[in-house]
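Worksheet: the structure to be examined is printed underneath.
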Amino acid sequence: MVGMSMEADGLSNSDLKCEISNTDLKRKIEVKSRDMCRLGHHREKLRENPRLTYFFMELTNWCNLACAHCGSRCSQNDGIFTGTKLLLRTLETVAEDFVPGSVMICLTGGEPMLHPDFYKIVEKVVDWDFHGT
């Protein structure tokens, strides 16, 4: 009976499949559009009141390979240290633009403690009242 009524309406099985696919596609597009609108609204709110929770600073790519748990590709060869002035300027900018007590500063590397000014950098993290790891 279904086949007869479809033929009577002038629809074949392939027409019905296309109609179903088009309906599903329209629904997916509507859902995607709604999600994109929500994302746009969320981004606007973040622009009005941006938050920073975690801030990772790579002090060096040099590593003494002493950590058994680490998956970093840093090596003992050709270690490069990020400049201390740049690191301190960056920390100062973050402290000025955000609430330092709500930001966790993560000093990473390679092995961050190999940086020649590691303790000076940590001192500033503490002085500016950041949370640190």
**Item:** Residues within the range 92-114 that are within 24 Å of the chain's Cα centre (by Cα), surrounded by 14 or more Cβ atoms within 10 Å (Cβ to Cβ) and part of a helix (DSSP H, G or I), tallied
**Value:** 4
**Prompt:** Within the range 115-124, is there a residue that is in contact with a Lys or Arg (Cβ under 8 Å, 6 or more places away or on another chain), open to solvent by less than 80 Å² (accessible area, probe 1.4 Å) and among the aromatic types (F, W, Y)?
**Reply:** no
**Asked** Just for the range 45-73: of the residues that are over 26 Å from V103 (Cα atoms) and free of Cβ contacts under 8 Å to residues at least 40 places away in the same chain, which one is surrounded by the most Cβ atoms within 10 Å (Cβ to Cβ)?
**Response** L65
**Message:** Show the residue pairs meeting these rules: Cβ distance below 8 Å; 6+ apart or different chains; first residue within the range 82-100 and farther than 17 Å from K120 by Cβ; second residue of a type in the set (D, E) and open to solvent by 60 Å² or more (accessible area, probe 1.4 Å).
**Reply:** P100/D129
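The values are calculated or read from the model by the stated rules, or taken from the named source; none is laboratory data. Because the structure is a prediction, the values reported are computed rather than measured. Ideal geometry is used to build each Cβ from the backbone, glycine not excepted, and the neighbour counts take in all protein chains shown. Heads up: the accessible areas ignore ligands, DNA and RNA and are worked out on the full protein's heavy atoms, side chains in. Shrake-Rupley method; radii C 1.70, N 1.55, O 1.52, S 1.80 Å.
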